[in-house]
Amino acid sequence: MACACMRHWSSIRAPTVASAGFQPEAVNSRVLILGGTGRVGGSTAIALSKLSPDLRITVAGRNREKGASMVATLGKNAEFAEFDINNVKSLESALAGVDLVVHAAGPFQRTENCLVLKAAIQAKTAYLDVCDDTSYALRAKSFMNEALAAKVPAITTGGIYPGVSNVMAAELVRVAKSENKGEPERLRFYYYTAGTGGAGPTILATSFLLLGEEVIAYNKGEKIKLRPYSGMVNIDFGKGIGKKDVYLLNLPEVTSAHEILGVPTVSARFGTAPFFWNWAMDAMTRFLPSEVLQDRSKVQEMVRLFDPVVRVIDGYAGERVSLRVDLECSGGRQTIGVFSHKRLSVSVGYSVAAFALAVLEGGTQPGVWFPEEPEGISIEARELLLERAAQGTINFVMHKAPWMVETNPKEVGLGIYV
């Protein structure tokens, strides 16, 4: 007998040219990638060029040499633009004639404004960012009225996590509700990345800055604040990853999922490897003043100090990445989704590219949206988005009982999960 979850997946149609929201001209659209010479932006450009070869891609950054190298990799439809993200005139010039701007010039932590989003709205250019900071994401959402008035579609937190993880959570909740087997009560995001995941100094800076933020979580509808990198649990990420220790971090999908999906208890945890990096990050939260970890300039100094060591360790740690999203419902039902890849530096590019194509294909309504909002990524477009993001994954499953995914599954009576 086919499981119910497969029926739900089969009911989601990929957009076609005849579909109401699909715009055939999207294949010839022009995409500007800010931070396009960096690890995340560069990976996004490569993934976009493979998923939609006719797209015209402009990679924008400060390093001409890296820009020339990226253009050579991308081919004839690519060009480089020298760009300063803090220069308003540079922004306005870069956005001229652009259909979509992808903001991948992090880190987003401790950024006081949304200059790129504001400029995109003024230029009437569709917008996507890979923000992983709660304050920045909420600040971006505050531009909702401006985006609606300008009829500009915009998505914030559209990366791998947050991003793909939000869409996975939305699908778990949607299917649970459609089957009427209890109300969603608890949603937990678990993430693992070996080393820096090949993402370099930016992810290192992001990690340090997050250690300076109190963790926001929700318990039975109550907003609570917890110490960063506390609350360790050991989680089984399944095939290709196994069991890993993960710790609480302050990530935007916790707040957005709680408010949008209506789940009363939500939290997010992250862990890395080798194991001593987890110990070091825990020690930083205990012994370094939070003011140091909240100061971007001081964090950048720390990154310059640690980066050579991190690169050496990354060489043997690898860059495997895994997302596990768990949903528990009132009737005792528990379902999970798992998304694992051997290389974060590749997977993040396909994840962002999947969001970019969804926006270009007309599936995003005017306004500023989180990925789990159907106005941002329609329910009908979710399956295609996840399919694109999952290119090259070693394990991608949805709507499964935990025992069906974990490395050492527990036996369940008669093999039936209810």
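The values are calculated or read from the model by the stated rules, or taken from the named source; none is laboratory data. Bear in mind that the values here come from a model prediction, so they are computed numbers and not experimental data. Virtual Cβ from ideal backbone geometry, glycine too; neighbours counted across all protein chains shown. With ligands, DNA and RNA removed, areas are computed over all heavy atoms of the protein, side chains included. Shrake-Rupley method; radii C 1.70, N 1.55, O 1.52, S 1.80 Å.
Of the residues making up the range 38-62, those that are touching a helix residue (DSSP H, G or I) at 6+ places or on another chain (Cβ under 9 Å), assigned to a loop (DSSP other than H, G, I, E, B) and open to solvent by 30 Å² or more (accessible area, probe 1.4 Å) are 38, 53, 54.
Tell me yes or no: at least one residue of the range 212-219 is closer than 29 Å to residue 395 by Cβ, in contact with a helix residue (DSSP H, G or I) (Cβ under 9 Å, 6 or more places away or on another chain) and in a loop (DSSP other than H, G, I, E, B).
No - not one qualifying residue is present in the range 212-219.
Conditions (1) modelled with pLDDT under 95; (2) under 30 Å from residue 124 (Cα atoms); (3) out of contact with any Cys (no Cβ under 8 Å at 6 or more places or on another chain); (4) of a type in the set (A, V, I, L, M), marked per residue:
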residue: 154; (1), (2), (3), (4): no, yes, yes, yes
residue: 167; (1), (2), (3), (4): no, yes, yes, yes
residue: 197; (1), (2), (3), (4): yes, no, yes, no
residue: 202; (1), (2), (3), (4): yes, yes, yes, no
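So residue 366 passes all but one of these: (1) out of contact with any Phe, Trp or Tyr (no Cβ under 7 Å at 6 or more places or on another chain); (2) crowded, with 24+ Cβ neighbours inside 10 Å; (3) at pLDDT 90 or above. Which condition number does it fail? Of the numbered conditions (1) out of contact with any Phe, Trp or Tyr (no Cβ under 7 Å at 6 or more places or on another chain); (2) crowded, with 24+ Cβ neighbours inside 10 Å; (3) at pLDDT 90 or above, the odd one out for residue 366 is (2).
Just one residue in the set 175, 116 is within 16 Å of residue 257 (Cβ to Cβ) and either outside any loop (DSSP other than H, G, I, E, B) or modelled with pLDDT of 95 or more (or both); that residue is 175.
Of the residues contained in the range 183-204, one or more are found to be under 25 Å from residue 395 (Cβ atoms), in contact with a Ser or Thr (Cβ under 8 Å, 6 or more places away or on another chain) and surrounded by fewer than 20 Cβ atoms within 10 Å (Cβ to Cβ). As a summary of the residue check, residue 339 satisfies the conditions (1) farther than 13 Å from residue 386 by Cα; (2) surrounded by 19 or more Cβ atoms within 10 Å (Cβ to Cβ); (3) not assigned by the TED database to the domain that holds residue 382 except for the one numbered (1).
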